[in-house]
Amino acid sequence: MERYSKYKESGVSWVGQIPEQWEIKQLRSFLSLFSEKGHGDAQLLSVTREQGVIVRDKDDKDENHNFVPDDLSGYKYIEKGDFAINKMKAWQGSYAVSCFDGIVSPAYFTCKLRGVDKEFFSRAIRSKAYVPFFTQYSKGIRVGQWDLDPNALKSIPFFLPPLPEQQKIVSYLESKTSSIDAYVAEKEKELQLLNELKEAEIAKVVTHGLNPNLKLKDSGVSFIGMIPEHWEVEPFGRHFTFGKGLPITKADLLPEGLAVISYGQIHAKTNTGVTMDESLVRRVSPSYLESHPQYLLHQDDFVFADTSEDLEGSGNFAFNDYEDDIFAGYHTLVARPIDLLCPKYYAYLFQSTKWKSQVRSLVNGVKVYTISKRILKNSYILIPTIKEQQEIVAYADEKTVKVNSLISELVSEINYLKEYKQRLIADCVTGQVNVQNI
């Protein structure tokens, strides 16, 4: 793409040079901090790293897992076009120009904008060119708890083109990013469809077998329905013993040490339920091997999250095929097979919506759903012949490999497009490319 004819040094290593006619100013030139309260009935908003300012449900937790208080009169009121910053998460990019009127946490900074096109400021400040500034200017003792003070905020540099250039850059980026977003949305629909087809196919074979001509019978379990006539249905508790995870918290996790899997990783999107992916593993002190050996998982154990923040996550689990020692972590419930000769069949079964529906019908809670040993014991499992279980696992494994290959290609394409979009925005708002003649 075209470059500007003349450049000058920005004084920032990761930005490099900027167009000669652009100004370098501090954010104090554009921001006026204010704090307007007393609007407790206004729409509740929150600031997120990925989406910027969003409308928030008052019954939901925020990104720090805090519930909303009943009295919101102390929350800060902002209007569309105001700038809101989560001062404790600014280093991650949790700040944005609001597209809504509403109230935000009293812990946020709220600012009026002046002297800059608000659309240009919004696209620039949330780009990859500016997030490092908020990281650099935030201070703290513990990782993840860095704080941004008002003077540091005002000292952050900003690269300002003449107003007509700001508007041209905004127009160009609106066109380009909307096209990219539309294409990404189509690819994400394909991705969702592939996942749904894979899950539906596997769910069908784990509850009906591979032979479509088998005579069926009523399983006696309303959520499961019809099953092959020769399959058995028995209580979960008859075939498992139970245990709990390590009595630890996030604060006990270390960069290195023995493997552990906890509540958060069980609920992670990367958890397929049928293999212990390395991304699910965290680390704890090796001293737990001597002090708490009873919390080590055995091969083929199932580790359930004992709580979920939504009904859909109730029954989420991980299947332990990890080669090294691994502990069950905090907020987990361990189910250890007693006499099941093909445990991986049950990993596929427990992933099915039909089986999880049993658990969801039994859990208790409103904002947090609890999954107990009693709930698992009172659910039912299907027992095909061992030969059928092995054949179903082989089929499901093969199907998973094929579909996951297609999913991986789609994910790579989506990630590339998202990265390209972010790079394009950063290049435009720092003058690395000249879009004035486009």
Conditions (1) touching a residue at least 60 places away in the same chain (Cβ under 8 Å); (2) more than 30 Å from V334 (Cα to Cα); (3) part of a helix (DSSP H, G or I): number failed by E409: (1)
Residue tally, condition among the polar types (S, T, N, Q) and either assigned by TED's automatic domain parsing to the domain that holds Q351 or under 33 Å from the mean Cα position of the chain (by Cα) (or both), over the range 207-231: 2
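One residue is enough: does the range 23-31 have a residue meeting the conditions farther than 24 Å from G431 by Cα and among the acidic types (D, E)?
Initial filter on the range 23-31 (farther than 24 Å from G431 by Cα): none.
No: zero hits.
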Which numbered condition E234 fails, given (1) acidic (D, E); (2) at pLDDT 95 or above; (3) within 29 Å of the chain's Cα centre (by Cα): (3)
Residue in the range 117-127 that is touching a helix residue (DSSP H, G or I) at 6+ places or on another chain (Cβ under 9 Å) and over 30 Å from D57 (Cα atoms) present: yes
Tabulated pairs, the range 354-370, first farther than 14 Å from A203 by Cα, second acidic (D, E) and part of a helix (DSSP H, G or I), C-beta under 8 angstrom, 6+ apart or interchain: R360/E312
Sole residue being surrounded by fewer than 18 Cβ atoms within 10 Å (Cβ to Cβ) and closer than 27 Å to A185 by Cα, chosen from V401, V435, V368: V401
Neighbours by Cβ (under 8 Å, 6+ apart or cross-chain): first from the range 71-83, not assigned by TED's automatic domain parsing to the domain that holds Y95 and at pLDDT 95 or above; second among the polar types (S, T, N, Q) and not in a strand (DSSP E or B): none
Boolean, Y345 is within 23 Å of S279 (Cα to Cα) and in contact (Cβ under 8 Å) with a residue 24 or more places away in the chain: yes
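Can you tell me which residue among K187, K204, K198 is over 17 Å from L349 (Cβ atoms) and either without any contact (Cβ under 8 Å) to a residue 60 or more places away in the chain or under 23 Å from the mean Cα position of the chain (by Cα) (or both)? Full working, then the answer.
Details: K204 fails: over 17 Å from L349 (Cβ atoms); K198 fails: over 17 Å from L349 (Cβ atoms).
Of the residues listed, the single one that is over 17 Å from L349 (Cβ atoms) and either without any contact (Cβ under 8 Å) to a residue 60 or more places away in the chain or under 23 Å from the mean Cα position of the chain (by Cα) (or both) is K187.
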All positions within the range 110-125 that are part of a strand (DSSP E or B) and either within 12 Å of L160 (Cβ to Cβ) or β-branched (V, I, T) (or both): T110
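Out of the range 371-389, which residues are in contact (Cβ under 8 Å) with a residue 40 or more places away in the chain and not aliphatic (A, V, I, L, M)? So that I can check it myself, show each step before the final result.
Of the residues in the range 371-389, the ones in contact (Cβ under 8 Å) with a residue 40 or more places away in the chain are 371-373, 376-386, 388-389.
If the condition is that a residue be in contact (Cβ under 8 Å) with a residue 40 or more places away in the chain and not aliphatic (A, V, I, L, M), then S372, K373, K377, N378, S379, Y380, P384, T385, E388, Q389 are the ones that fit.
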Given (1) of a type outside the set (K, R); (2) outside the structural domain of R114 (by TED's automatic domain parsing); (3) surrounded by 13 or more Cβ atoms within 10 Å (Cβ to Cβ), number of the condition L148 does not satisfy: (2)
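Just the residues that are of a type outside the set (K, R) and surrounded by fewer than 13 Cβ atoms within 10 Å (Cβ to Cβ), please, taken from the range 1-15.
Those that are of a type outside the set (K, R) and surrounded by fewer than 13 Cβ atoms within 10 Å (Cβ to Cβ): M1, E2, S5, E9, G11, S13, W14.
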Residue that is in contact (Cβ under 8 Å) with a residue 24 or more places away in the chain and of a type in the set (K, R), where the choices are K89, K6: K89
Residues that are surrounded by fewer than 17 Cβ atoms within 10 Å (Cβ to Cβ) and among the hydroxyl-bearing types (S, T, Y), drawn from the range 249-271: T249, T270
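The values are calculated or read from the model by the stated rules, or taken from the named source; none is laboratory data. Since the model is a prediction, treat every value here as computed from it, not as a measurement. When we count neighbours, we look across all protein chains shown, and the Cβ atoms used for this are built from the backbone with ideal geometry, even at glycine.
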